[in-house]
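Scroll down for the structure; my scribbles are underneath it.
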Amino acid sequence: MRPSPARAEPHDSGAWLPLPGDSLPVLDPNVVGTAGPGPTRSAAPDAPPTVPPPSPARSRPHDPAAWLPIPVPADLPTVEDLLTRQWEPQDSPARAEPHDPAAWLPLPEVAPEGAAPTPPRPRRWAVRSGGGRARAAVIGVVLVGLLVGGGLGLRAVLGHGHSVEVRADGARTAVTAGAETVGGLLRDERIRLGEFDRVIPAPATRLRDGLTVTVLRAFPVNRDLDGEIQTVFTTYASPSDYVRRELGAEGRLVIRSGPRRLQADSTIILRTPRTGVLLVDGAQVDYSIPALDLDELLAQYSVDLGPEDFVLDRSGATVGRDERLVDGGQYTVVRVGREIVRFDEPYTVPPERRPDNSMNVGETRVEEGREGTMSVAAEITRRNGDEVSRKIISRLPAVLARPTITYYGTKADPMWDRIAQCETAGDWGMQGPLYSGGLGFYNRTWDAFGGRVYAPNAGLATREEQILVAENIRNRVGIDGWGCAHTLGYVR
């Protein structure tokens, strides 16, 4: 765009607008134009020609590089106002003294016939209610175009914006963000957070190039916490993560019952561990179990009460099955009117896997278990001295069995935990249609590098199994495939 000729040097303070050369016809000096529509008027033969007033566009100071000023967006009317109201000329700041260089072009005024020119009257644009929707719509389109185009142009010229990745609702989107914080980015992208949704990193975090923003949607689960049943919302799929991170109750609460992975409408039962003594069928067990009441305690040891059986507490009072357990309690089962026999039987417990942070990922060691002994009580029914039925009414451990324990190494390159924190906010149980696991494995990559030996997708494997597959990838093709490896500076 070239400079406005009205700004050229030298300037003529008596000019209104410059004339382009000598190509225009010469006007009769006695003919004076009017500022608005209507017939022309002739001045008196002896009257001197009317001289137009000085142009305020010529007033100093001036900017020879200026063309038109750009309006301040905050001062412009809303689109709704533009579409519902008509605009008419009012006082223009370009007419004010001293000259306002940010004003729109002024409109000239003509003095009455025979009178000396009067200074131009300032005019502004003001709103008038009523019709004129077509003209308002045109103005609205122009102004919105200036705002949108100007905003984008300024951002491009000034180089503002951060290149980030947004992961939300099952999609990954590369975004050049003009916002300064994660919260501003979400507003710009029209991503709304529910009351219980989480975003990693936090909304107040300042954006930087290469940042990954992960939106975790909350889902409802049915939670029974020491008998208090309610529907709650969580973003954690792992029950242990829910207890540890959401409730902050690791060690204080035990998962008595629940699914391997939480999902919408799952039910999880959490209990505070209780300790005490149970006496039943001539045997005693010192318990420490996650149980709420006497009914759950008896169910833990398969104790079946007959129609006439009852339970006494430490004081000798009869208690019901809904009696809440207290630490240090003692409960005695009393059998009535039946023949009870007791015998021992061997039993084993399932093998276990336990972490060992003194060993590297991939290393294991095994401690052999041992068989235990269960003291079993049975109720026998006889007819004419012959046994016709036998019903097991309790099972108490006499000699505790010990499981075979396989210890697995958890010591790994800290890089993997940092990448997991960047990729999925450390959610090793994450599962998605394309990516899974804490390290955000592409599902086909998980298959191609041996992941199915451990689980169908990375989100179903352990952290250590995922790191083993990641090490396999690093050894064979490197870590360039992880965007967060670049972000964190592991790939240069």
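The values are calculated or read from the model by the stated rules, or taken from the named source; none is laboratory data. Worth saying up front: this structure is predicted, and the values here are computed from it rather than measured. Note: ideal-geometry Cβ built from the backbone for every residue, glycine included; neighbour counts use all protein chains shown.
Listed conditions (1) surrounded by 13 or more Cβ atoms within 10 Å (Cβ to Cβ); (2) modelled with pLDDT under 90; (3) under 22 Å from Gly489 (Cβ atoms) are all met by Arg133, apart from (3).
When Thr234 is tested against the conditions (1) within 30 Å of Glu296 (Cβ to Cβ); (2) among the hydroxyl-bearing types (Ser, Thr, Tyr); (3) in contact (Cβ under 8 Å) with a residue 40 or more places away in the chain, the lone failure is (3). Taking segment 219-262 as the range and being of a type in the set (D, E, K, R) and in contact with a helix residue (DSSP H, G or I) (Cβ under 7 Å, 6 or more places away or on another chain) as the test, only Glu250 passes. Taking segment 424-492 and the helices (runs of 4 or more DSSP H) fully enclosed by it, the elements with 1 or more residues that are without any contact (Cβ under 8 Å) to a residue 60 or more places away in the chain and buried (at least 18 other Cβ atoms within 10 Å of the Cβ) are at 443-448, 463-477. Can we say Leu297 is of a type in the set (A, V, I, L, M), surrounded by 15 or more Cβ atoms within 10 Å (Cβ to Cβ) and assigned to a helix (DSSP H, G or I)? Here the answer is yes, as Leu297 does meet what is asked.
Scan segment 165-216 for residues that are within 16 Å of Tyr435 (Cα to Cα) and in a loop (DSSP other than H, G, I, E, B) and the total you get is 2. None of Val303, Val277 is part of a strand (DSSP E or B), under 21 Å from Arg335 (Cα atoms) and either modelled with pLDDT under 95 or of a type in the set (A, V, I, L, M) (or both) except Val277.
Close contacts from segment 328-343, counting a first residue that is surrounded by 13 or more Cβ atoms within 10 Å (Cβ to Cβ) and a second that is of a type in the set (Lys, Arg), with Cβ to Cβ under 7 Å and a gap of 6+ residues or different chains, come to Gly329/Arg314; Gln330/Arg314. Does Ser302 satisfy the condition of being under 42 Å from the mean Cα position of the chain (by Cα) and among the polar types (S, T, N, Q)? Spelling it out, it is not the case that Ser302 is under 42 Å from the mean Cα position of the chain (by Cα) and among the polar types (S, T, N, Q). Can you tell me which residue within segment 201-253, out of those that are of a type in the set (Asp, Glu) and under 25 Å from Ile419 (Cβ atoms), is surrounded by the most Cβ atoms within 10 Å (Cβ to Cβ)? It comes out as Asp241. Elements of the type strands (runs of 3 or more DSSP E) sitting completely within segment 347-408 and holding at least 2 residues that are surrounded by 13 or more Cβ atoms within 10 Å (Cβ to Cβ): these cover 352-360, 372-383, 386-399.
Cβ-Cβ contacts under 8 Å between residues 6 or more apart (or on different chains), taken from a first residue in segment 203-220 that is within 24 Å of Trp482 (Cα to Cα) to a second residue that is among the basic types (Lys, Arg), are listed as Thr212/Arg167; Val213/Arg167; Thr214/Arg167; Val215/Arg167; Val215/Arg198; Leu216/Arg198. Among all residue pairs at least 6 apart or on different chains, which show Cβ distances below 9 Å where the first residue, located in segment 174-200, is among the basic types (Lys, Arg) and the second is surrounded by 16 or more Cβ atoms within 10 Å (Cβ to Cβ)? Pairs found: Arg187/Ala179; Arg192/Leu186; Arg198/Thr214; Arg198/Val215; Arg198/Leu216; Arg198/Ala218; Arg198/Thr235; Arg198/Ala425. Asp322 satisfies every condition listed in (1) in contact with a Phe, Trp or Tyr (Cβ under 7 Å, 6 or more places away or on another chain); (2) not in a strand (DSSP E or B) except (1). Please verify whether Thr424 is more than 30 Å from Ser288 (Cβ to Cβ) and out of contact with any helix residue (DSSP H, G or I) (no Cβ under 7 Å at 6 or more places or on another chain), treating the condition exactly as stated. Yes.
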